[in-house]
Amino acid sequence: MPEPEEASTSTPAPKTFKDLGLIEPLLQALDQVNFKTPTEIQQQALPHALEGRDIIGVAETGSGKTAAFALPILQKLWEEPKGLFACVLAPTRELAYQISQQFESLGAAMGVRCLVLIGGMDKMPQAVALAKRPHVIVATPGRLNDHLQSTKGFSLRNLKFLVMDEADRLLDMDFGADIDQILKVIPKERTTYLFSATMTTKVAKLQRASLSNPVRVEVSSKYQTVSTLLQYYLFVPLIHKDLHLIYLANELASNSIMVFTRTVHDAQKLSIILRILGFPAIPLHGQLSQSQRLGALNKFKTGGRKILVATDVASRGLDIPSVDVVINFDIPTHSKDYIHRVGRTARAGRAGKSITIVTQYDVELLQRIEKVIGKKLELFPTSKEEVMLLKERVDEAGRLAVNDLKEEAKSGGGKKRRRDEGGRDDRDRDDDVVEAGIPRNKKSKGRR
């Protein structure tokens, strides 16, 4: 198979969406959602997509790639309206909802109907909604495959568009077998868009299996952090990590803050400690039910909670525009995870701040991150005396939080937590266990 054509990477003169060939209903929708100027990925992808070409897009989260694939699909749907027209595969539930919302807002004038198919939700209402033949399905691969195999009367034999968003992450999360199965039962004669932050060998193999004579467009493929982001580190003894997090929460109290932890257990514990000490915090991780996760996200987005304590389930694909500060409570072991985490702030030209807590065991990881991003992190200024003044209160809050978690564990997770919105739900193959990185059959609270 021939290699994909490379689109020109020279920076074109600024274009309007009208210049790119979009129809009036879409131009009006773009105006209503305040999309004024096409982003670089949109400028490069849309002309080829509107010509009917398959697209490989290499672009980071936040680059405007959702509109880059939604707009040509909606334009074609305007010309040829029919149900089950397009299917978008996404790695996580939150991203699936986000993509669906963008399709619905851009296609509002056309009356576009979207359906989200994800795990953790009752299959029967989804099957009923499928029978109504929505125009666009946005799905996690496992749940879509499940419906293709078991929902009577449902097929994608007339599908016109397939999109695989964040393909690198789809494959990292072991959705490969589900995707292979889906590719077997959808038409070969279709248009396919594959978007990925990185082009790994797995993604290249998927590209060869699913795209026909594609055009490759690439923007910001080198891992980097934006210039408007101020990046700091804090060197602390391991035993004082909780203490320094509370100090930072106190110092940055007027800001919206995302705190990233390595494990579900720490996300739970820290959110309880923060609330005991009067900080409006809420957890987001893979062991919350779908409604709890959406509720947590909405509370943070609307300012009802100023601190979101999350595992890496929230590091990619979520557009949370108002984050002022990202705190890495646990330094990530992979440098690209660091870039995705701190990418939650300083978006779309705004300023932002990240602070990474580094213990005596993390120095090598910090040096590796600095090498990848090509800059040294600055030491965040702290007052040791002020930090130690908090010790007694933080230690007591820590003990209360541990007791809360023990009580919840004893009750088997069925009862509502006293201080938390946690809980468990029955999950299928598309579950949060995969999204949060917990090995299957090892769902202990201390693992991610």
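Using a 1.4 angstrom probe on heavy atoms only, work out the carbon and sulfur share of the accessible area of the stretch 236-328 in %.
On the way: 1330 of 2590 Å².
That share works out to 51 percent.
Please report, in whole Å, how far the alpha carbons of the stretch 229-408 spread along each principal axis, starting with the longest.
Computed over the Cα atoms, the extents are 45, 38, 28 Å.
Near F161, within a Cβ-to-Cβ distance under 9 Å, what is the net charge of the other residues, with Lys and Arg +1 and Asp and Glu -1? Mind showing how you got there, number by number?
Details: positive: K76, K160, R190; negative: none.
For residues surrounding F161, the net value is +3.
Just to confirm, what accessible area per residue do you get for the stretch 12-82 at 1.4 Å probe, in whole Å²? Kindly include the intermediate steps, with their values, before the conclusion.
Details: 3100 Å² over 71 residues.
For the stretch 12-82, the solvent-accessible area averages 44 Å² per residue.
In nm, what is the difference between 0.36 nm times the number of residues separating K188 and A351 and their Cα-Cα distance? Don't skip to the end; give the middle numbers.
Values: separation 163, 0.36 × 163 = 58.68 nm, distance 4.52 nm.
So the extension gain works out to 54.2 nm.
Hey, could you get me the Stokes-Einstein D for the stretch 18-140, Kirkwood radius over alpha-carbon pairs, 10 °C and 1.306 mPa s, rounded to whole µm² s⁻¹?
Values: Rh = 15.0 Å.
Using the Kirkwood radius from Cα pairs, D works out to 106 µm²/s.
Karplus couplings for the stretch 355-372 from phi (6.51 cos²θ - 1.76 cosθ + 1.60, θ = phi - 60°), rounded to Hz, Gly and Pro as x?
So the J values, rounded to whole Hz, are 10, 10, 7, 10, 9, 5, 9, 10, 4, 5, 5, 4, 4, 5, 4, 4, 5, 5.
Compute the separation of the alpha-carbon centres of the stretch 65-126 and the stretch 234-266 and state it in Å as a whole number.
If we compute the Cα centre of each part, the gap is 37 Å.
So how much slack lies between E392 and R157, counting 0.36 nm per residue of separation and subtracting their Cα-Cα distance, in nm? Could you put the intermediate results ahead of the total?
On the way: separation 235, 0.36 × 235 = 84.60 nm, distance 6.41 nm.
Between E392 and R157, full extension yields an extra 78.2 nm.
Given the stretch 97-218, what whole percent of its Cα pairs are spread farther than 19 Å?
On the way: 3713 of 7381 pairs.
Of all Cα-Cα pairs in the stretch 97-218, 50 percent lie more than 19 Å apart.
Which of the residue pairs K269/K406; K301/K406; K241/K391 have a Cα-Cα distance greater than 19 Å in the structure shown? Please list the in-between numbers first.
Numbers: K269/K406 11 Å; K301/K406 30 Å; K241/K391 11 Å.
Distance filter (> 19 Å) returns K301/K406.
For the stretch 38-101, what is the relative contact order in percent, using Cα pairs closer than 8 Å and at least 6 residues apart in sequence?
Values: 33 pairs, mean separation 18.3, N = 64.
So the answer I get is 29 percent.
Where Lys and Arg each count +1 and Asp and Glu each count -1, what net charge lies around H240 among other residues with Cβ under 11 Å from its Cβ?
Details: positive: K241, K384, K391; negative: D242, D395.
Cβ neighbours under 11 Å give a net charge of +1.
If the label point is 7 Å along Cα→Cβ of D31, which residues in the stretch 71-94 have backbone nitrogen under 20 Å from it?
71-72, 74-75, 78
With the full set of protein chains in place, find how many percent of the accessible area of the stretch 87-160 is carbon and sulfur; take the probe as 1.4 Å. Don't skip to the end; give the middle numbers.
Values: 1420 of 2820 Å².
Here it works out to 50 percent.
What is the spin-label model distance, in nm, from Q367 to K384 if the labels are put 7 Å beyond Cα along the C-beta direction?
2.4
Report the local net charge at M199: Lys and Arg +1, Asp and Glu -1, summed over other residues whose C-beta lies under 10 Å from its C-beta. Each step should come with its number before you reach the end.
Details: positive: K202, R216; negative: D168, E218.
Local net charge: 0.
Please give, to one decimal in nm, the separation of the simple spin-label points placed at K410 and H240, each 7 Å out from Cα toward the Cβ.
3.4
The values are calculated or read from the model by the stated rules, or taken from the named source; none is laboratory data. What you see is a predicted model; the values in this text were computed from it and never measured. Quick reminder, even Gly has a Cβ in these numbers, built from the backbone with ideal geometry, and neighbours come from all protein chains shown. Ligands, DNA and RNA are excluded from the accessible area calculation, which covers all protein heavy atoms including side chains. Shrake-Rupley method; radii C 1.70, N 1.55, O 1.52, S 1.80 Å.
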